[in-house]
Amino acid sequence: MGLPHDLERSLDDVRPSWARKTRSWKRTWRQRVSCRMRCSRSNIRWSIVRMLLVYRLAFALLAADFERNDVSRINRRYTRLEMRLTPPKALAVRLAEGQPVIPDVMAASTPARFRGQPKLDSTRCPDGCAVCVGVCPTGAISTNPLTIDLGSCVFCPLCVEACPEGAITYTNDHRMASTSRQGLLLRDVGEVTPEACSEEIYKVFGHSLKLRSVSAGGCNGCELELNALANVNFDMGRFGIEFVASPRHADGIVLSGTTTRNMEHALSAAYGAVPAPKLVILFGACAISGGIFQGSNELARTYLQQLNIDLYIPGCPPHPLTFLYALLTYLRSPQNRSKPGGLEHSWI
């Protein structure tokens, strides 16, 4: 509770000069903060206001120098003004970024240069031609009919470059996932879309899902994409989905990497520590099939055959939007079961 105004004014007369200056400085500081808060709600707006004030003052001083016809001062001031005319680097970068948040991840699209789901045209494939089969490093392509196993595909452009008839092309569609291994077989007709989870799984994990990421011998490509899910662009936490540090706090595991022999025990321990019921998600070509390392003696993929895999997400590495599309489509509400990829916004 402050003192009456008259009493404060009388105390100012007996206070020493340094105390009155300190009190005045505090009052000025409060006014500056209050003015800054009133001018803008963000640092960017305040930077713009401050920059405009500096330019206005500089032009006013420059005009005064022109009236006095002081050539040397005009040259010095003009040089300083020319240096200040470039906007602050942080402000320029922030304005160039635009809106970083993706408001609707289900309707978002990737750039045209992104190699997403392949598009097949078996009518262009001549009989007896198997050029694309020979150049595929993972054996993901088969003919009669023309089929690509997205679980083994590493999305390299070798098949597209080798096909003389252009039967295989890449699109920028990132939406591809499946709840079964056979669902990743892509033909010229059909979609690679995961089925909806059961109502029991939706009741348990439909509103909150905690996942533990397990890298079992990866190159860190898939792990970087999983880390990007927590940034401001994708913001996976707004959907109630988060990564946790301990498998004992998780509802499932997201496996990336080839599952080497050295990581077999660690994967088994992490899976055993997750309380039931639990989900298992394979993220990336290496986790699904071994990728370019399939057939190596250093892999221990027999353990995965004992697990019940709930979701397969192909890619090398998969895009963060692919992960969000797969998981949100898999966990869609019972009211949206008839809409592939439907999303219940009420639980965001």
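Numbers at a glance
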| item | result |
| --- | --- |
| Enumeration of residues in the stretch 248-270 that are buried (at least 20 other Cβ atoms within 10 Å of the Cβ) and either more than 14 Å from residue 209 (Cβ to Cβ) or of a type in the set (Val, Ile, Thr) (or both) | 253, 254, 255, 256, 257, 258, 259, 263, 267, 270 |
| Enumeration of residues in the stretch 192-214 that are of a type in the set (S, T, N, Q) and either surrounded by 13 or more Cβ atoms within 10 Å (Cβ to Cβ) or under 18 Å from residue 324 (Cα atoms) (or both) | 193, 208, 213 |
| Residue within the stretch 328-343 that is surrounded by fewer than 23 Cβ atoms within 10 Å (Cβ to Cβ), modelled with pLDDT of 90 or more and assigned to a helix (DSSP H, G or I) present | yes |
| Failed item in (1) in a loop (DSSP other than H, G, I, E, B); (2) among the aliphatic types (A, V, I, L, M); (3) surrounded by 17 or more Cβ atoms within 10 Å (Cβ to Cβ), with residue 189 passing the rest | (3) |
| In the stretch 163-181, the residues that are of a type in the set (Gly, Ala, Ser) and out of contact with any strand residue (DSSP E or B) (no Cβ under 9 Å at 6 or more places or on another chain) | 166 |
| Of residues in the stretch 217-230 being in contact (Cβ under 8 Å) with a residue 40 or more places away in the chain, under 16 Å from residue 285 (Cβ atoms) and out of contact with any Cys (no Cβ under 9 Å at 6 or more places or on another chain), the one surrounded by the fewest Cβ atoms within 10 Å (Cβ to Cβ) | 224 |
| Qualifying residue in the stretch 151-170 (condition: crowded, with 17+ Cβ neighbours inside 10 Å, of a type in the set (Asp, Glu) and not in a loop (DSSP other than H, G, I, E, B)) | no |
| Residue list for the stretch 185-216, filter: closer than 30 Å to residue 265 by Cβ, out of contact with any Phe, Trp or Tyr (no Cβ under 6 Å at 6 or more places or on another chain) and touching a residue at least 60 places away in the same chain (Cβ under 8 Å) | 201, 204, 205, 209, 212, 216 |
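The values are calculated or read from the model by the stated rules, or taken from the named source; none is laboratory data. Predicted model only: the values in this text are computed from it and were never measured. In this analysis, Cβ positions are derived from the backbone assuming ideal geometry, glycine residues included, and neighbour counts consider all displayed protein chains.
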